[in-house]
Each structure stands twice: as C-alpha cells, then as structure tokens.
Amino acid sequence: MKRIVTIQDISCVGKCSLTVALPIISAMGIETAIIPTAVLSTHTMFPEFTVKDLTSEIRPISEHWKRAEIGFDGIYTGYLGSFEQINLMKEFFADFRTEDNLILVDPAMADNGKLYPAFDEAFAKEMATLCAKADMIVPNITEACFMLGKEYRETYDEAYVKELLGGLSDLGAKISVLTGVGFKEGKTGVMGYDKENDEYFYFEQDKIPCSYHGTGDIFSSTCMGAMMRGLDWKKALTVAAKYTAECIRITWETPGSNTYGVDFERAVPYLLELVKE
Ligand code: PXL
C-alpha cells in the first residue's frame with residue numbers, strides 16, 4: 001500500500017486542510033499519515049477563530065520517523081502558518097525525499113485576488129521558495145501572482161496564463177499547475193505545464209456560479225491521491241477537477257447546505273468511480 005504524509009493545519013470545523021485531505025486520500029486507498037501544524041477552531045474565513053500553533057512538534061515527529069525508518073511515497077504540504085513552518089518543510093523534504101517519491105506543494109494562502117487574513121506579500125515570496133523544492137505545485141491564479149510578483153487579472157488570455165506557468169516552472173518544480181483558469185464565459189478549468197517534456201495540458205468544464213472555501217484543498221488532495229494510484233499528471237488533474245466540481249455542484253444544489261465548505265463526503269462514490277481501474 002502506498003503511504004503519503006500530508007502536513008497542514010486542522011481546522012476543526014470548516015472542511016479544509018487536514019479534515020478533507022485525510023478522508024479523501026484515505027478513501028482513494030492510500031495510507032495517509034499527517035503532521036498537524038496547528039489546531040484552529042475553524043478556518044480563518046470565519047469572523048473569529050482560536051489557534052494553537054504546533055510548530056514545535058514538527059521536528060520531534062520527523063526525528064522519530066527517521067529513527068523508525070518510516071518513509072513516504074508522497075509528501076504533500078498545504079496551508080502553512082509561518083516562515084518557520086516553511087523552513088521546517090524544506091528540512092522535511094531534504095530528510096524524506098527519495099529518488100521516486102512525489103513532493104506536492106499547494107501554496108494555500110490566497111484566492112480571488114486577495115491573501116488570506118494571516119498572510120502578507122513577504123510570506124507569499126517565502127512560499128515560492130518552498131515551491132522551488134517540489135516536484136509538482138498547484139497554486140490558483142491569485143497565489144501564483146503573489147509568489148511571482150505579477151499583476152492579478154480577472155480577465156485574461158492564454159498568453160497570460162502561460163506566462164504565469166512559465167514563471168512558476170522557473171521556480172523549479174517539474175509540473176506546475178494553475179487552478180481556476182477559465183477562458184470563456186461560464187467555463188473554468190485547470191492548466192498545467194510539464195517543463196521536462198515542454199507539454200501543456202488544459203481541462204475545462206462548466207463553472208458553477210458560486211465559491212466555497214476548502215475546494216483548493218479538495219483539488220490538491222485528490223490530485224495527490226490520483227498520482228499515488230498511478231494516474232499520469234494529466235489524468236490526475238482531470239479527476240481532481242471533476243471531483244471538485246461535483247462537490248461544489250452537490251453543495252450548491254442542496255438547500256440549507258453549509259456555506260463554509262463543500263459536502264465532499266457525498267461525492268466520494270463518484271470519486272471512486274473516476275479512479276476505478
Ligand atoms: O486552504 C484553505 C484553508 C486551510 N486552512 C486554514 C484556512 C484556509 C482558508 O481560509 O483558513 C486555516
């Protein structure tokens with residue numbers, strides 16, 4: 001059985017970070033170890049929340065794993081809370097990278113042209129230095145713009161998206177992906193670039209006219225799970241985009257659903273259909 005580790009916060013209520021990564025990747029049949037970086041009462045888009053930082057646990061946990069010779073087929077980082085945590089992730093990558101494991105970094109820190117409340121531009125630049133150490137990165141357009149110091153645009157063409165992908169791949173990862181890329185009214189999608197093979201891939205689908213928190217985490221978790229199941233990066237992106245869209249659709253169509261996150265649980269059977277051999 002493949003084993004990955006995902007390192008991000010636990011937002012106790014909010015359906016994001018570890019509370020989506022753990023169930024989704026596990027449901028895909030991949031053992032999912034975790035390092036919780038902080039415990040929050042909710043994600044930070046609630047008007048109020050509590051936080052207990054767990055940075056001081058990261059090194060003792062990884063030192064124990066080294067002594068116990070525990071290794072991982074994949075390492076996936078999401079929302080991180082500080083420069084120190086970013087630096088600890090670099091150390092973790094150096095310690096646990098092997099010749100064939102996959103390091104996925106989701107620089108979860110911004111959306112819709114804005115950084116999340118806890119972050120500033122210096123943090124985004126630091127996150128770019130972690131992306132440099134990954135095999136695959138999956139920012140949205142906002143995160144890419146903050147990391148690259150580029151202007152965020154609501155409307156754009158393919159040249160703009162390819163320029164961002166070029167900037168991202170210059171950071172270092174083999175595969176750079178941009179989520180939330182739509183070129184036509186009513187459409188959205190994901191575009192990736194494999195720099196070793198100089199290959200672009202775009203997958204587009206209908207845009208559901210609403211937005212929820214945690215959907216980026218659902219996308220990257222699914223992408224990691226799919227890659228671990230042996231799908232190539234283009235199929236993994238397609239599965240992740242389809243499942244994320246289905247989670248949004250189910251939630252949007254259900255009167256009285258939560259507004260803080262999507263009902264990804266109800267779409268797990270669909271996800272398993274998508275990845276069936
Ligand atoms: O990636 C979403 C996310 C994860 N963790 C925390 C967050 C958010 C989004 O706001 O606040 C703590």
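As a quick test, which of the pairs Lys133/Lys184; Lys2/Lys133; Lys187/Lys235 have an alpha carbon distance above 26 angstrom in this structure? From the list (Lys133/Lys184; Lys2/Lys133; Lys187/Lys235), the Cα-Cα distance tops 26 Å for Lys133/Lys184. 3J(HN,Hα) along the stretch 109-125: 7, 6, 6, 6, x, 10, 6, 5, x, 7, 10, 9, 5, 5, 5, 4, 5 Hz, from the Karplus curve 6.51 cos²θ - 1.76 cosθ + 1.60 with θ = phi - 60°, whole Hz, x for Gly and Pro. Each of the peptides 74-87, 126-139 was scored by the mean count of other Cβ atoms within 10 Å over its residues; in descending order, highest first, they stand as 126-139, 74-87. Here's the list of aspartates and glutamates a cross-link from Lys15 could span, going by alpha-carbon distance under 14 Å and ignoring same-chain residues fewer than 8 apart: Asp217, Asp263, Glu265. Looking at the stretch 3-107 alone, DSSP beta bridges between its own residues are antiparallel in about 15 percent of cases. Only bridges with both residues in the stretch 79-190 count here: give the DSSP antiparallel percent, nearest 5. Expressed as a percentage, antiparallel bridges in the stretch 79-190 total about 40. Sorting the segments 240-249, 99-108, 212-221 by their mean number of nearby beta carbons within 10 angstrom, highest to lowest, gives 212-221, 240-249, 99-108.
Rounded, prolate or oblate for the stretch 179-260? Axes are the square roots of the Cα gyration tensor eigenvalues, ordered a ≥ b ≥ c, and the cut-off for rounded is a/c under 1.5. Oblate, since a/c reaches 1.5 and b/c is not below a/b.
From the Cα gyration tensor of the stretch 1-66, with a ≥ b ≥ c the square roots of its eigenvalues, which class applies: rounded if a/c is under 1.5, or else prolate if a/b is larger than b/c, or else oblate?
The shape class here is oblate.
Compared with the alpha-carbon gap, the fully stretched path from Asp198 to Ser82 is longer by 38.4 nm at 0.36 nm per residue.
Say R0 is 22 Å: what FRET efficiency, to the nearest 0.05, do Asn258 and Asn112 get from their beta-carbon distance?
0.70
Rounded to whole numbers, the Karplus 3J(HN,Hα) couplings from phi for the stretch 12-29 are 4, 10, x, 6, 8, 6, 5, 6, 9, 4, 4, x, 5, 5, 4, 4, 7, x Hz, using 6.51 cos²θ - 1.76 cosθ + 1.60 with θ = phi - 60°, and x at Gly and Pro. Solvent-accessible area assigned to carbon and sulfur over the chain amounts to 50 percent, based on a 1.4 Å probe.
Heavy atoms of the protein chains alone define the surface here; on that basis the stretch 161-215 has 47 Å² accessible area per residue at 1.4 Å probe size.
Here the chain carries DSSP beta bridges of which approximately 45% are antiparallel, counting only pairs with both residues inside. From the square roots a ≥ b ≥ c of the eigenvalues of the alpha-carbon gyration tensor of the stretch 44-195, which class results: rounded (a/c under 1.5), prolate (a/b over b/c), or oblate? Oblate.
The values are calculated or read from the model by the stated rules, or taken from the named source; none is laboratory data. Computed from a predicted structure; not experimentally measured. Every residue, glycine as well, gets a Cβ built from its backbone with ideal geometry; the counts of neighbours run over all protein chains shown. Just so you know, the surface numbers come from the protein's heavy atoms only, side chains and all, with ligands and any DNA or RNA stripped out. Shrake-Rupley method; radii C 1.70, N 1.55, O 1.52, S 1.80 Å.
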